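So the structure is just underneath, and the comments pick up after that.
Just so it is clear, none of the values below were taken in a lab; they were calculated from the coordinates. Values in this document were obtained by computation on a predicted structure and should not be read as measured data. All Cβ positions, even for glycine, are placed from backbone atoms using ideal geometry, and neighbour counts span all protein chains on display.
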Amino acid sequence: MTYSELAAAARGQIGPFCKACPTCDGRACAGVMPGPGDKGVGRVARRNWEAWQDVRVSMDTLHESWAADTRTTVLGRELALPVMIGPVGDVQRHYGEKYDTVSYNRRVLEAAAGEGTLAWTGDGLDASIMAEACSLIAELGGAGVPTVKPWDEKTLASKLDQALAAHPAAVAMDIDAAGLPFLRGQEPPAGAKSAAQVAEVAARCHEAGAPFVLKGVMTPAAAERAAAAGVDAIVVSNHGGRVLDGTPATAEVLPSIVAAAGEKVEVLVDGGVRSGLDVFRALALGARACLVCRPFVVAAFGGGADGVRAYLGELRSGLADAMEMCGAATTADITRELIWNA
Ligand SMILES: Cc1cc2nc3c(=O)[nH]c(=O)nc-3n(C[C@H](O)[C@H](O)[C@H](O)COP(=O)(O)O)c2cc1C
């Protein structure tokens with residue numbers, strides 16, 4: 001099943017907010033929240049997608065014939081491809097009845113682990129979202145990344161307990177989440193966190209043996225503060241436009257953030273990555289791996305766990321194709337030189 005076939009199969013089973021478009025480019029759902037869209041006038045999700053399309057790659061097939069090796073290492077763990085499934089916090093609310101967050105998480109966690117990568121799980125006001133995600137990750141021997149919201153101190157401490165008890169591949173925090181329209185002014189409260197608070201969370205994870213990832217970094221200055229706070233990785237992410245209107249695309253800010261993050265911090269990126277070629281573009285601009293989020297919901301609604309596996313396969317073969325066409329035998333060979341006019 002191709003992604004566009006999965007999207008066609010999802011239509012009628014998903015919604016009413018998501019249109020399960022053949023390309024998930026943020027146009028049909030612009031500004032639709034609740035739903036899979038983005039905040040305000042709703043241009044940021046689309047901007048994310050368009051920015052990858054503007055990155056032109058240098059074709060060079062004057063090389064030995066080989067099969068591209070798409071493996072990479074993220075936070076000390078080998079992945080079969082530099083793509084992980086991004087977190088979705090409240091599936092039913094934004095995508096309809098067919099899957100609740102637990103049944104969605106089960107499908108993506110199992111499919112990702114089976115294909116040699118990881119799914120991340122989300123968090124929400126409903127405490128069961130995080131609790132159930134963590135028990136699924138524990139069942140899978142830790143193959144997953146629970147993503148905690150930047151709650152007040154007490155709530156954050158208990159959510160970290162839950163997350164760390166699952167012995168996950170890593171723990172993440174989407175530090176930008178307070179901008180979500182449905183999180184403002186709610187209980188428990190969520191908000192910005194200082195570098196000192198982030199350092200405490202990172203230390204807590206390290207004591208328990210888990211790497212810590214900060215998701216939602218959009219400036220070189222924030223990347224420097226995150227690095228100084230001891231985070232192991234950052235995700236260059238604007239939350240798909242859901243937390244603040246008017247931000248640049250992630251592809252636009254990625255190179256300067258990679259330069260600022262330094263050698264010790266791994267840089268991941270999300271937002272509008274839809275094809276293996278987009279993954280290639282992200283790696284060429286300096287990311288170690290990508291998160292892909294919304295299309296996996298569509299793939300699951302269209303084809304269940306098989307749909308998730310099929311889309312992962314499509315991303316992997318599209319990446320291998322781009323690597324072979326541009327002369328990159330391994331993911332380490334995907335460098336800035338493979339971007340035309342960089
Ligand atoms: C309905 C929905 C729910 C989301 N829930 C979470 C969440 O709980 N935690 C989180 O870190 N990101 C969450 N995100 C953001 C995504 O993980 C991702 O950063 C964003 O959608 C951009 O990637 P994409 O363009 O591939 O979808 C959510 C996104 C959507 C559309």
- [ ] Would you mind ranking Met325, Met173, Met218 so that the residue whose beta carbon has the fewest other beta carbons within 10 Å leads the list?
- [x] Met325, Met218, Met173
TODO: Name the residue farthest towards the positive end of the dipole of segment 1-73 from the options Cys24, Gln53, Trp66, assuming +1 on Cβ of Lys and Arg, -1 on Cβ of Asp and Glu, about the Cα centre.
DONE: Cys24
Task: Summed residue charge, Cβ within 11 Å of Gly302's Cβ, Lys/Arg positive, Asp/Glu negative - done: 0
- [ ] Would you calculate, for the chain, the mean residue ellipticity at 222 nm contributed by helices, counting each DSSP H stretch of 4 or more residues as -39,500 (n - 2.57) and dividing by all residues, to the nearest 500?
- [x] -13000 deg cm²/dmol
- [ ] Measure off 7 Å from each Cα along the Cα-to-Cβ vector at Ala195 and Glu64, then give the distance between these two points in nanometres to one decimal.
- [x] 4.6 nm
Task: Neighbour-count ranking [beta-carbon atoms within 10 angstrom, fewest first] of Phe301, Phe182 - done: Phe182, Phe301
- [ ] May I ask you to sort Ile129, Ile339, Ile175 by Cβ crowding, counting other Cβ atoms within 10 Å and putting the fewest first?
- [x] Ile339, Ile129, Ile175
- [ ] Express as a percent, rounded to the nearest 5, the fraction of DSSP beta bridges in segment 3-338 (both residues included) that run antiparallel.
- [x] 15 percent
TODO: Give me the compactness ratio for segment 3-338, meaning the Cα radius of gyration over 2.2 N^0.38 Å.
DONE: 0.91
Open item on the list: So if I take the centroid of the Cα atoms in segment 282-342 and the same for segment 77-98, what is the distance between those two points in Å?
Closed with: 15 Å
